[in-house]
1. Looking at (1) out of contact with any Ser or Thr (no Cβ under 9 Å at 6 or more places or on another chain); (2) among the small types (Gly, Ala, Ser); (3) closer than 14 Å to Ile81 by Cβ, which is the only condition Gly146 fails?
2. Can you name every one of the strands (runs of 3 or more DSSP E) wholly within the range 55-98 that holds 2 or more residues which are free of Cβ contacts under 8 Å to residues at least 24 places away in the same chain, over 17 Å from Ile129 (Cβ atoms) and out of contact with any Lys or Arg (no Cβ under 7 Å at 6 or more places or on another chain)?
3. Quick check on the range 318-330. Is at least one of its residues among the acidic types (Asp, Glu), assigned by TED's automatic domain parsing to the domain that holds Glu157 and within 29 Å of Asn37 (Cβ to Cβ)?
4. Can you go through Ala280, Ala366, Ala303 and tell me which one is within 30 Å of Lys89 (Cβ to Cβ) and among the small types (Gly, Ala, Ser)?
5. Run Ile35 past the list (1) touching a Ser or Thr at 6+ places or on another chain (Cβ under 9 Å); (2) buried (at least 17 other Cβ atoms within 10 Å of the Cβ); (3) under 30 Å from Glu105 (Cβ atoms); (4) at pLDDT 95 or above and report the number of the one that doesn't hold.
6. Give me the pairs: first residue in the range 102-125 and assigned by TED's automatic domain parsing to the domain that holds Ser382 and farther than 17 Å from Thr54 by Cβ, second residue of a type in the set (Ser, Thr, Tyr) and surrounded by fewer than 17 Cβ atoms within 10 Å (Cβ to Cβ), beta-carbon distance under 7 Å, and six or more apart or on different chains, which are they?
7. Only one of Leu102, Leu144, Leu108 is surrounded by fewer than 24 Cβ atoms within 10 Å (Cβ to Cβ), over 24 Å from Val333 (Cβ atoms), touching a Leu at 6+ places or on another chain (Cβ under 9 Å) and among the hydrophobic types (A, V, I, L, M, F, W, C). Can you tell me which?
Amino acid sequence: MKIKAGSENDESKGDLQQPIVNLLPEVLVLEASMIENRRRLHRNPETAFEEFETAAFIAERLRAFGMNVTEGVGRTGVVGILQGASPGKCIALRADMDALPLQEENDLEFKSEVDGKMHACGHDGHVAILLCVAEILSAQRDRLQGTLKFIFQPAEETFGGAFFMIQDGVLENPHVDEIYGLHLNTVWTYGTANVTLGPANASNDRIRITITGSGGHGASPQFTEDVIMIGAALISQLHTIVSRNISALDSAVLSVTLFNAGTTYNIIPETATMLASCRAFTADIRDLVLIRIQAICSGLAEAHGVEINVEFNPESPGYPPNINNSESMWRSVVTAMEKVVPDGVRTDYVSTGSEDFAFFTQERPACYFRVGIAPETNGEPSHHSPSFLMDERSLALAACVWVNLMRDVAVAKQSSKT
């Protein structure tokens, strides 16, 4: 197994030598339609749990490929079932399909036509790629063992759509034995692919803290319980959790991102509100940070005689760490990548960004991989940027990885017996 090591900081974007890319003929035949599908979706972005037209388009295409299709899974998700010719495992392939509440700034022929909404994370590409793969594999169903389940998931960006699809039974009927997911990534340019064994993304927990005391005149703080002073002390103490409770060999990120209190210069307010984000790569570290947040808030409340209410993930489920938990699946993905980009496979990149594919990894053997899409001539328009762009050549590259992977894990091998 030949692996090219690298990291986010190795400036692979600056390496402009032409990569070696081996594309499959059946993918090249569909490349133009795949790009057009991606651009169609890019023009018409739909945000979390509003992906109605996107879902209808996907369902129409899957039915055209002869699949059994179920809509409305996890509210707006779509599932297509491709039954092979012989018994075998049920393997799921997942693509997320939601856009972001963002105004696009690119001047493109296919720029977003919906005010305040944009595909700025590549999910339009994910859908287009998986539809291409579905079309190719549908034409080869007589060679397939078992069942392929194509999962088009809503609401990855904000509400954890994977969680709601699981609640709706997406991993059953038929029972999914293993699941794979792809994300296009602006860390690298065309010709690079990444898959990591173990943690691939950090967890993400949203914390809302409300401090309630007694307000009063700014000239007489002795008659108040000053929530601003208490809040400032709380921020300082929260930021000791990572440095004093977690080993230097482990990692976590805790950021206080909002502090809101008061209305004018001479009133000490009664309440203060804080928002924070916590990220970690293991369940144990995640739990430790959240327990320490609660303990610090409880202690500070008792010391100052105020009420401090802590809400974890008040609007939606927190995302667990996204962990590639099967070495055999990881090796299969590496092998599939090497067939396409023999000199561009990386295995050591992890992201502190979160990904709700993690809910699938908690339920089944799973593997999540990435393909580089950064335009070489456009600097670094990152994900979630209003100037986000992708090198559309990477769509065919990613489709080839998918097809090679499925041929390895789901296509009946020819017998050597005579």
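The values are calculated or read from the model by the stated rules, or taken from the named source; none is laboratory data. In this text the structure is predicted, and so the values were computed from the model without any measurement. Neighbour counts are summed over all protein chains in view; Cβ atoms, including those assigned to glycine, are modelled from backbone coordinates with ideal geometry.
1. Just one mismatch for Gly146, condition (1).
2. Working: elements: 68-73, 77-83, 86-96.
Here the list reads 68-73.
3. No - not one qualifying residue is present in the range 318-330.
4. Values: Ala280 fails: within 30 Å of Lys89 (Cβ to Cβ); Ala303 fails: within 30 Å of Lys89 (Cβ to Cβ).
None of the other options fit; the residue is Ala366.
5. (1)
6. Glu105/Ser387; Asn106/Ser387
7. Details: Leu102 fails: touching a Leu at 6+ places or on another chain (Cβ under 9 Å); Leu144 fails: over 24 Å from Val333 (Cβ atoms).
Answer to the selection: Leu108.
Okay, residues lined up against (1) closer than 17 Å to Asn322 by Cα; (2) assigned to a strand (DSSP E or B):
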{"residue": "Phe152", "(1), (2)": "no, yes"}
{"residue": "Phe159", "(1), (2)": "yes, no"}
{"residue": "Ala162", "(1), (2)": "yes, no"}
{"residue": "Leu184", "(1), (2)": "yes, yes"}
{"residue": "Val187", "(1), (2)": "no, yes"}
{"residue": "Ala233", "(1), (2)": "no, no"}
{"residue": "Thr257", "(1), (2)": "no, yes"}
